[in-house]
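**Q** Pasting a structure here, questions to come.
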Amino acid sequence: MAFNRTPEKQYALALETVIEDRYVIKQVLGLNGLSITYKAYDTFRDQTIVLREIYPAAIVTRNFDDKLRVECVRPSDEHMYHEMLQKCIQKAKKMIRLYPLEGISNIIRYVEANHTVYLIMDYIDGISLPVFFEKKRASRMELDKTVELLQPVLESLKKIHAAGLFHGRISPDSIILDSKRHAHLVGFGDPMEEVALEVFGENTAREFAFAPVEQYVPGGVQGTTTDVYAVGAVIYLCVTGVWPAAFYERVGNVTGENDPLKSPWELGVPIMEFQSDAIMKALAVYTFDRFQSIQEFIDALELDEFKEGPSAVYTTRLPAKFAAKQRWIRIAQLAAALLVIVLVASVVSKTGKALRASEENKFYENLVDRSLYDKCDILANLPEKEWARYGNDYTASVTENDISVRYYDLNSKRFADFSEFSKVVGNYKYVCLDFRRDHHVILTYLTPGKKESYECDLTKYGSYYRIEHIVMENGSETVHEKLEVNPAQPDGAAGQ
């Protein structure tokens with residue numbers, strides 16, 4: 001793996017150092033002022049990995065005694081250093097959620113230890129893009145071949161950008177080609193030194209030719225377009241063989257002949273003029289002049305225009321009678337298709353209703369047969385979006401009239417509204433669930449001449465739920481008690 005600077009051994013961990021009783025340091029691959037990258041061996045997974053240690057050299061040092069712990073040189077930098085580590089962790093978590101991506105060195109996990117963060121990443125065994133050109137003895141590459149070579153990297157970048165992340169340090173040295181000539185983008189995970197740009201200054205991982213102006217201006221807004229610039233610069237180098245001019249050579253001279261960055265068209269590169277213009281737009285000095293996404297840039301190159309498209313089929317005009325017959329056939333086919341859709345929708349609807357009814361039956365059969373404590377547990381863990389399905393949700397209503405009250409009939413195994421309930425005589429047995437504000441729910445049992453209700457406070461007090469129990473028989477209150485239920489007394493004891 002190629003990196004931009006020679007490792008400074010005094011900063012790095014000693015070889016054979018073991019991190020988290022698992023990762024064994026085997027080789028220092030490089031450092032860039034913000035992190036130190038090692039080739040390491042994962043004893044658990046039995047494979048070679050990359051371990052990147054967050055080490056902003058301008059503000060930290062290695063503990064003299066254990067040669068392991070990272071410490072701030074000045075106590076005043078501790079807050080800034082902590083902020084950098086937290087931002088690294090946040091980005092690492094997002095990258096881990098995208099795993100696995102092709103075309104990049106994935107972040108597999110992160111480790112917090114020794115007052116720093118270690119990022120565990122895929123190890124890509126290969127050569128950098130400049131070494132690839134050197135071995136080919138070639139000064140440049142055709143545009144379509146360049147984009148084809150970089151395709152895995154570009155596709156992964158689109159997904160990374162969609163997740164709200166960006167690389168920020170893309171250069172030819174950060175693109176590694178494996179033995180099968182598959183491109184991989186490495187170098188993810190460095191902290192963004194804009195957290196303290198005035199402290200780090202030029203002690204960064206960037207190359208001037210591939211880093212836009214916003215990365216050097218305090219308060220400059222970096223993001224997707226920062227990577228667009230770098231990708232444009234890499235493609236420019238590949239197709240022209242000319243190193244792009246640095247941003248500071250271009251600022252103030254970006255119009256006309258004053259811009260030291262000559263377009264591929266001006267350099268005589270055999271591509272279409274609009275493709276040359278697209279590359280130069282990706283390399284615009286200011287973000288608002290660039291493409292806003294990788295996809296916009298690639299679309300503007302219009303490389304697909306040169307691929308063979310679908311064949312066109314031309315037919316002569318059909319005779320009138322035959323055409324009319326064909327129209328009727330198409331109408332009949334459409335009608336048959338619509339009939340099938342209606343039938344399928346009907347079957348799906350009935351099946352869905354049957355499944356919902358079955359689930360409601362199971363819910364109430366399970367609820368009715370449980371202890372009071374278990375009932376509270378079941379109701380406390382029922383998601384809010386299910387309240388209206390299994391009962392009456394008053395939490396979003398202004399008045400009780402907003403709800404069409406439903407009762408669950410334990411005899412017919414279905415819901416009935418109040419009008420149906422009021423018509424039933426004889427041996428009826430209903431259950432009613434009313435979800436109220438402040439984590440309260442009222443569970444009511446209705447049988448001929450008797451109404452028994454439990455107002456349950458679903459806020460748990462230690463191991464207890466609190467319940468107000470009321471029984472009405474023939475219109476008169478016969479029981480009114482406050483209960484506390486817990487695993488030891490699941491059906492309650494009188495509350496204090």
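The values are calculated or read from the model by the stated rules, or taken from the named source; none is laboratory data. Treat the numbers as computed from the prediction; the structure is a model and nothing was measured. Heads up, the Cβs are rebuilt from the backbone with ideal geometry, glycines too, and the neighbour counts pull from every protein chain shown. Remember, those area values only see protein heavy atoms, side chains included, never the ligands or the DNA or RNA. Shrake-Rupley method; radii C 1.70, N 1.55, O 1.52, S 1.80 Å.
**Q** May I ask you to order 238-245, 442-449 by the average number of other C-beta atoms within 10 Å around their residues, highest value first? Each step should come with its number before you reach the end.
**A** Numbers: 238-245: 19.0, 442-449: 15.4.
Highest-to-lowest ranking by the protection proxy: 238-245, 442-449.
**Q** Once you have the Cα-Cα distance between Asp491 and Asn63, take 0.36 nm times their residue separation minus that, and quote the gain in nm to one decimal. Please report the intermediate quantities before stating the final value.
**A** Numbers: separation 428, 0.36 × 428 = 154.08 nm, distance 6.06 nm.
Additional length available on full extension: 148.0 nm.
**Q** Which of the peptides 62-75, 125-138, 24-37 is most tightly packed, and how do the rest follow, going by the mean number of other Cβ atoms within 10 Å of each residue? Write down the numbers at each step before the final one.
**A** Working: 62-75: 12.6, 125-138: 14.6, 24-37: 20.5.
Peptide ranking by packing, descending: 24-37, 125-138, 62-75.
**Q** Can you flag which of Lys136/Lys158; Lys385/Lys450; Lys375/Lys460; Lys375/Lys482 are past 23 Å Cα-Cα? All intermediate terms of the calculation are to be shown ahead of the outcome.
**A** Working: Lys136/Lys158 29 Å; Lys385/Lys450 31 Å; Lys375/Lys460 13 Å; Lys375/Lys482 16 Å.
Too far apart for the 23 Å limit: Lys136/Lys158; Lys385/Lys450.
**Q** Output ³J(HN,Hα) for the range 264-270: one whole-Hz value per residue in order, computed from phi by the Karplus curve 6.51 cos²θ - 1.76 cosθ + 1.60 with θ = phi - 60°, and x for Gly and Pro.
**A** The phi angles translate into x, 5, 5, 7, x, 6, x Hz.
**Q** Hey, another quick one. Straight-line reach only, C-alpha to C-alpha below 18 angstrom: list the aspartates and glutamates that Lys26 could link to, leaving out same-chain residues fewer than 8 apart.
**A** List returned: Glu8, Glu16, Asp42, Asp46, Glu53, Asp122, Asp125.
**Q** Once the other residues with Cβ under 12 Å from the Cβ of Tyr41 are scored (Lys, Arg +1; Asp, Glu -1), what is the net sum?
**A** Numbers: positive: Arg22, Lys26, Lys39, Arg45; negative: Glu16, Asp42, Asp46.
That works out to +1.
**Q** Looking at the range 453-489, which GluC sites (Glu not before Pro) are in a loop (DSSP not H, G, I, E or B) and have at most 11 other Cβ atoms within 10 Å? Display every interim value, and only then the final one.
**A** Details: sites: Glu455, Glu468, Glu473, Glu477, Glu481, Glu484; in loops: none.
Here no loop site has a sparse enough neighbourhood.
**Q** Please give me the summed charge of the neighbours of Asp289: other residues whose Cβ is under 15 Å from its Cβ, Lys and Arg +1, Asp and Glu -1.
**A** Values: positive: Arg250, Lys281, Arg290; negative: Glu214, Asp259, Asp277, Glu296.
Counting the neighbours of Asp289, the net charge comes to -1.
**Q** If you take every residue apart from Lys450 with its C-beta less than 14 Å away from the C-beta of Lys450, what net charge results, scoring Lys and Arg +1 and Asp and Glu -1?
**A** Working: positive: Lys429, Lys451; negative: Glu452, Glu473, Glu477.
Around Lys450, the charge tally is -1.
**Q** Also, quick follow-up: Just flag the chymotrypsin sites (Phe, Trp or Tyr not before Pro) in the range 25-56 sitting in loop per DSSP whose Cβ has no more than 13 other Cβ atoms within 10 Å.
**A** Numbers: sites: Tyr38, Tyr41, Phe44; in loops: Phe44.
Loop-located and lightly packed - Phe44.
**Q** I've got another one for you. Holding the Cα-Cα limit at 31 Å, pick out from Lys91/Lys281; Lys39/Lys93; Lys91/Lys135 the pairs that are longer than that. Display every interim value, and only then the final one.
**A** Values: Lys91/Lys281 29 Å; Lys39/Lys93 22 Å; Lys91/Lys135 35 Å.
From the list (Lys91/Lys281; Lys39/Lys93; Lys91/Lys135), the Cα-Cα distance tops 31 Å for Lys91/Lys135.
**Q** Determine the per residue accessible area of the range 1-123 with all protein chains present and a 1.4 angstrom probe, expressed in square angstrom. Before the final figure, lay out the partial values.
**A** Details: 5950 Å² over 123 residues.
Here the per-residue accessible area is 48 Å².
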